[in-house]
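Peer 1: Would you mind keeping the following structure in view while I ask a few things?
The values are calculated or read from the model by the stated rules, or taken from the named source; none is laboratory data. A quick note: this is a predicted structure, and the numbers were derived from the prediction, not measured. Note: ideal-geometry Cβ built from the backbone for every residue, glycine included; neighbour counts use all protein chains shown.
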Amino acid sequence: MSGPDRRTFLAAAGLSAAGVAAAPAARGAESPAVPGARRRAARILAGVRDPRFPRRRVPITDHGAVGDGVHDCTEAVRSAVEACARAGGGHVVVPPGEWLTGAVHLRSRIDLHLEKGATLRFRQEPGAYLPAVYSRYEGTECFNYSPFVYAFECHTVAVTGLGTLDGQADWTHWWDWTKGVDEAPAPQNADIAQLLAWGEAGVPVSERVFGDGHCLRPNLVQFYRCSDVLIEGVTVRNSPMWNIHPVLCTNVTVRGVTVDSPVGPNNDGVDPESCSYVLIQDCLFDTGDDCIAFKAGKNTDGRRVGVPMQHALVERCEMRDGHGGVTIGSETSGGVSDIVARHCVMDSPRLDRAIRLKSSPLRGGYIRDVLCHDITVGEVGDAVVEIALNYERVETGDFYPDVRDIAVHRVTTTAGPRAWTFIGNDANPIHDVLLSDCVFDGMTGPNEQRNIEGLVLRRVTINGQEASP
């Protein structure tokens, strides 16, 4: 949707064509139809606060960086980070220009600040992201290529500004690992299978070493076991896989970020995993996979770590292309709870679902206490709301996920194949789902529904007709 149509659509949602950040503050007001929603959001917000940094500014140009897009600035950026950290912290400043770099490792009390017109372009050679670092690859811990911007066990850490992080991934760098040549297996397949086998067998993480000579793609931004995290204002694009991936973090804010990654495999926007107290606010997503995906570790390794994803608020975001707008899973092994999404706008024929919960009998864990309200949806490519416990077509296993207490209020839609898809397992139904005051217009096909108990519909219409369970 573009031009006048998009402006009309956003205006109807109380937003503006200039971006979702222009939404009036009054949109956060509670409606009587959603009792407790405002109180619940306030409780999550009470656990979130922006980190504060010393005023010190350390430009990377003071350490030899040259912004011509040709000179390798890796050592200059690292030197600026170390100098700022030694001095007590502050802002490492990337001025306007094109800055070529390898991995950037942040420290406590460091804000990597990209000024307007600044682009960090990350080198395309995998060797620029060695040595391997402690990471999580799709929910399983290992040592792998460094994420392009990485912080490990830091506090008070940020990436801010109006600049751009460009991973420079393309179909000849990073993404090609997902495709086999002449019907051969994809280069990444053997490494993924090995990592999963090690996770299932309980091999110590220190022995799960990938990186050099292997084909597990790193994230663009990953904060691991950090507290007081802020990512604000920047644009991220062309990541090898997931764009922004906080793992085992507390007090995380992602605000005013643009994720511009509609091309590329597994290019999720923001994937908070096993984190507590997360705010994702005023962001724009155009992705090749899920826009936002809350996760909690995968299978046996996720149960070993055993840390849930909990207490998160998504508000005033806009979603365009993607597999799901607000998604939970499929990595749910540590459990996911207390997730609120409100006042978002979603619209694209290439947005498969607006609200998506997914897991399988291999994942286990739980998804519960999820509240979505005041979501304005234009068109979707599949279902407006989906809860599916057969992810990757796995119907049976030893670890059925427990999914219950899901509430969806005041979702409106103008076009799509179906209002909802609810698929539980024969031995493990979905429990207690409430849809109220929802209007699903332009639906072209029937809903899909099986193995769900406690589905309640209140004032829900599909193409103008009252819906029934």
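Peer 1: Of the conditions (1) exposed (fewer than 15 other Cβ atoms within 10 Å of the Cβ); (2) hydrophobic (A, V, I, L, M, F, W, C); (3) without any contact (Cβ under 8 Å) to a residue 24 or more places away in the chain, Leu457 clears all except one; give me its number.
Peer 2: With respect to (1) exposed (fewer than 15 other Cβ atoms within 10 Å of the Cβ); (2) hydrophobic (A, V, I, L, M, F, W, C); (3) without any contact (Cβ under 8 Å) to a residue 24 or more places away in the chain, Leu457 is out only on (1).
Peer 1: Within the range 92-133, can you find the residues that are of a type outside the set (A, V, I, L, M), farther than 18 Å from Gly64 by Cβ, surrounded by 19 or more Cβ atoms within 10 Å (Cβ to Cβ) and in contact with a helix residue (DSSP H, G or I) (Cβ under 8 Å, 6 or more places away or on another chain)?
Peer 2: Scanning the range 92-133 gives Arg109, Phe122.
Peer 1: Let me ask you something else. Of the numbered conditions (1) surrounded by 22 or more Cβ atoms within 10 Å (Cβ to Cβ); (2) over 21 Å from Leu45 (Cα atoms); (3) in contact (Cβ under 8 Å) with a residue 40 or more places away in the chain; (4) touching a Phe, Trp or Tyr at 6+ places or on another chain (Cβ under 9 Å), Gly297 fails exactly one; give the number of that condition.
Peer 2: Checking Gly297 against (1) surrounded by 22 or more Cβ atoms within 10 Å (Cβ to Cβ); (2) over 21 Å from Leu45 (Cα atoms); (3) in contact (Cβ under 8 Å) with a residue 40 or more places away in the chain; (4) touching a Phe, Trp or Tyr at 6+ places or on another chain (Cβ under 9 Å), the one that fails is (4).
Peer 1: Just give me the residues in the range 365-378 being within 19 Å of Gly297 (Cβ to Cβ) and crowded, with 22+ Cβ neighbours inside 10 Å, in sequence order.
Peer 2: Gly365, Ile367, Val370
Peer 1: Out of the range 416-441, which residues are crowded, with 16+ Cβ neighbours inside 10 Å and within 21 Å of Gly381 (Cβ to Cβ)?
Peer 2: If the condition is that a residue be crowded, with 16+ Cβ neighbours inside 10 Å and within 21 Å of Gly381 (Cβ to Cβ), then Gly416, Pro417, Arg418, Ala419, Trp420, Thr421, Phe422, Ile423, Leu435, Cys438, Val439, Phe440 are the ones that fit.
Peer 1: Follow-up. More than 29 Å from Arg304 (Cβ to Cβ), exposed (fewer than 14 other Cβ atoms within 10 Å of the Cβ) and either modelled with pLDDT under 95 or in contact with a Phe, Trp or Tyr (Cβ under 9 Å, 6 or more places away or on another chain) (or both), is that true of Pro446?
Peer 2: So Pro446 does not fit the description; no.
Peer 1: Applying the selection to the range 180-214, what residues are out of contact with any strand residue (DSSP E or B) (no Cβ under 9 Å at 6 or more places or on another chain), more than 13 Å from Thr140 (Cα to Cα) and either touching a residue at least 24 places away in the same chain (Cβ under 8 Å) or aliphatic (A, V, I, L, M) (or both)?
Peer 2: Those that are out of contact with any strand residue (DSSP E or B) (no Cβ under 9 Å at 6 or more places or on another chain), more than 13 Å from Thr140 (Cα to Cα) and either touching a residue at least 24 places away in the same chain (Cβ under 8 Å) or aliphatic (A, V, I, L, M) (or both): Val181, Ala184, Ala186, Pro187, Gln188, Ala190, Asp212.
Peer 1: Of the residues Ala419, Ala427, which single one is out of contact with any helix residue (DSSP H, G or I) (no Cβ under 7 Å at 6 or more places or on another chain), more than 27 Å from Arg40 (Cβ to Cβ) and not hydroxyl-bearing (Ser, Thr, Tyr)?
Peer 2: Ala427 is the lone residue from the list that is out of contact with any helix residue (DSSP H, G or I) (no Cβ under 7 Å at 6 or more places or on another chain), more than 27 Å from Arg40 (Cβ to Cβ) and not hydroxyl-bearing (Ser, Thr, Tyr).
Peer 1: Might you let me know whether the range 364-384 holds any residue that is among the aromatic types (Phe, Trp, Tyr), closer than 18 Å to Gly329 by Cβ and assigned to a strand (DSSP E or B)?
Peer 2: Checked the range 364-384: at least one residue is among the aromatic types (Phe, Trp, Tyr), closer than 18 Å to Gly329 by Cβ and assigned to a strand (DSSP E or B).
Peer 1: Right, next: Can you tell which of Ala158, Ala83, Ala128 is within 23 Å of Val247 (Cα to Cα), touching a residue at least 12 places away in the same chain (Cβ under 8 Å) and not in a strand (DSSP E or B)?
Peer 2: Checking each option against the conditions leaves just Ala128.
Peer 1: Can we say Trp177 is in a helix (DSSP H, G or I), in contact with a Leu (Cβ under 9 Å, 6 or more places away or on another chain) and touching a residue at least 24 places away in the same chain (Cβ under 8 Å)?
Peer 2: Against the criterion (in a helix (DSSP H, G or I), in contact with a Leu (Cβ under 9 Å, 6 or more places away or on another chain) and touching a residue at least 24 places away in the same chain (Cβ under 8 Å)), Trp177 qualifies.
Peer 1: Further question: Look through Ser333, Ser274, Ser261 and report the one residue that is of a type in the set (Gly, Ala, Ser), under 14 Å from the mean Cα position of the chain (by Cα), crowded, with 24+ Cβ neighbours inside 10 Å and closer than 25 Å to Tyr400 by Cα.
Peer 2: Ser274
Peer 1: Also, quick follow-up: Might you let me know whether the range 270-280 holds any residue that is modelled with pLDDT under 95 and among the aliphatic types (A, V, I, L, M)?
Peer 2: No, there is no match, as no residue in the range 270-280 is modelled with pLDDT under 95 and among the aliphatic types (A, V, I, L, M).
Peer 1: Just checking, how many residues over the range 151-168 are buried (at least 24 other Cβ atoms within 10 Å of the Cβ) and either at pLDDT below 95 or not small (Gly, Ala, Ser) (or both)?
Peer 2: The number of residues fulfilling the criteria is 3.
Peer 1: Within the group Asp289, Asp338, which residue is in a strand (DSSP E or B) and surrounded by fewer than 24 Cβ atoms within 10 Å (Cβ to Cβ)?
Peer 2: Asp338 is the lone residue from the list that is in a strand (DSSP E or B) and surrounded by fewer than 24 Cβ atoms within 10 Å (Cβ to Cβ).
Peer 1: Could you list, in sequence order, the residues of the range 309-322 that are without any contact (Cβ under 8 Å) to a residue 40 or more places away in the chain and under 24 Å from Gly335 (Cβ atoms)?
Peer 2: Hits for the range 309-322 are Met309, Gln310, Val314.
Peer 1: Taking the criterion of being assigned to a loop (DSSP other than H, G, I, E, B) and either under 14 Å from Val254 (Cβ atoms) or in contact with a His (Cβ under 8 Å, 6 or more places away or on another chain) (or both), would at least one residue in the range 299-318 satisfy it?
Peer 2: Yes, there is a match, as at least one residue in the range 299-318 is assigned to a loop (DSSP other than H, G, I, E, B) and either under 14 Å from Val254 (Cβ atoms) or in contact with a His (Cβ under 8 Å, 6 or more places away or on another chain) (or both).
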